[in-house]
Amino acid sequence: MKAAVFTGEPGLSLQERPCPQAGPGQGLIRVRYAGICGSDLYICSGRNPRVKPPVVPGHEFVGEIVEADSPELKAGDRVAVEPLLACGRCSACRRGAYHVCRELRLLGVQVDGGFAEYVVAPLDRIVKLPDGLSLEHAVLTEPLAVAIHGLRQATLELGDRVVVLGGGPVGILLAQAARLAGARVMVSEVNPHRREVAAQMGFTVIDGGGDPVAEVLALTDGEGADVVYEAAGAEATAAQMAQMTRIKGQIVVVGVYKDLAPVDLLQISFREQTLRGSRVYNYQDFQRAIELLAQGQIDVDRTVTHVFPLDQVQEAMAAAAGDVDGVKVVLQV
């Protein structure tokens, strides 16, 4: 089979590899689509200490069952894969919080993932897709689950004024989920093309390269937002989030930070704001993502802006890194 492999050198190597074999409690999947995430770019930079090459990246993927050690799955079934591999033994797992397992691993990070024609996954991580949901749309299941989980870390009320900092794939999905929950949503983004996409979706758009704090205050009569979701993982947005949140407001950090970032703790303290983290998702979030996609409540066509064949994985990675104007880049395998 063809596979895009991180060998330890920056970038990916397109290789011919033996097809993996499904063992007891596993399913073999023919991958059809795989999304490219910022974490995949980080892996391919060679700077992620959790990754031991060689490994096939790709934790956002969908496809069809080839064979499975299960009476509930048959060849040809269309599936998504929840890539979280928890230990099941640590205190977090025993409390039911397997998504923050102390030893959490992921398909596509520590174990071969979906940037290949075939992949093996545990049966309890394989989710059968409803008939009305295409694989082209279902590829957004994993990042949408991230957005839904982040959304749920705040107590969101009908009519709340929400700011999403970052209009990338997770940010734009989070904005859509917040609107479905009844919020009035503002999206702050530095990239003009992504601002245009957010505007086309009907969100109030803020130029993240200007003075987003002043703009949010102006749009909220000087009060600040009820909830701010930080989805950029950038030093600038970390510094802004407390300043644009109202007294007793809520801040949720959804973006993944690689380094320490400045946070205005004085504002958080004096305004008695609530600051929460958010990490990946759980089974319920994953299922809700599938439901929203199947119901057509997510604007997939504007979110997925580029699709590349696996043979052009290098071009796809460059596009995801910002070489082209876009939001979500996907591989067709």
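Quick notes on this one:
- Averaging the sequence gap over all C-alpha pairs within less than 8 Å and six or more residues apart, then dividing by the number of residues, gives region 68-213 a relative contact order of 16 percent.
- Dipole of the chain, positive direction: furthest Cα of Leu174, Ile126, Val227, with charges on the beta-carbon: Ile126
- Share of pairwise Cα-Cα distances greater than 19 Å in region 168-313 is 56 percent (whole percent).
- Of the GluC sites (Glu not before Pro) found in region 1-92, those in coil by DSSP whose Cβ has at most 12 other Cβ atoms within 10 Å are Glu72.
- Remark: relative contact order (region 154-277) = 23 percent; criterion is Cα-Cα distance under 8 angstrom and separation of 6 or more residues.
- Lysine pairs meeting the criterion (Cα under 29 Å, 8 or more apart or interchain), as found in the chain: 10
- Both the radius of gyration and Dmax for the chain are 19.7, 61 Å, in that order, over alpha-carbon atoms.
- Relative exposure of Asp40, Asp77, Asp301, judged by other C-beta atoms within 10 Å (fewest first): Asp301, Asp77, Asp40
- Neighbour count of at most 14 Cβ within 10 Å plus DSSP loop: longest trypsin sites (Lys or Arg not before Pro)-free window in the chain: 103-257
- Inter-probe distance in nm under a simple model that places probes 7 Å from Cα toward Cβ, at Arg95 and Asp69: 3.2 nm
- Taking the charge dipole of the chain about its Cα centre, with +1 at Lys and Arg Cβ atoms and -1 at Asp and Glu Cβ atoms, the residue from Cys93, Gln243, Leu292 reaching farthest to the positive side is Cys93.
- Least to most buried among Tyr229, Tyr281 (fewest other Cβ within 10 Å first): Tyr281, Tyr229
- Only one residue of Gly25, Pro49, Leu14 has its Cα farthest out toward the positive end of the dipole of region 1-50, where Lys and Arg carry +1 and Asp and Glu -1 on Cβ, and that residue is Gly25.
- Take every pair of alpha-carbon atoms less than 8 Å apart whose residues are at least six positions apart; their mean separation over the length of the chain yields a relative contact order of 18 percent.
- For region 141-254: span of alpha carbons on each principal axis (Å, largest first): 36, 30, 26
- Fully extending the segment from Asp131 to Asp259, taken as 0.36 nm per residue of separation minus the present Cα-Cα distance, adds 41.8 nm.
- Restricting the GluC sites (Glu not before Pro) of region 90-151 to loop positions (DSSP other than H, G, I, E, B) with no more than 13 neighbouring Cβ atoms within 10 Å leaves Glu103.
- Antiparallel content of DSSP bridges confined to the chain, in %, to 5: 50 percent
Bear in mind these aren't lab numbers, they're just calculated from the coordinates by the rules spelled out. Please read these numbers as outputs of a predicted model, since none were measured by experiment. Positions of Cβ are backbone-derived with ideal geometry, glycine not excepted, and every protein chain shown enters the neighbour counts.
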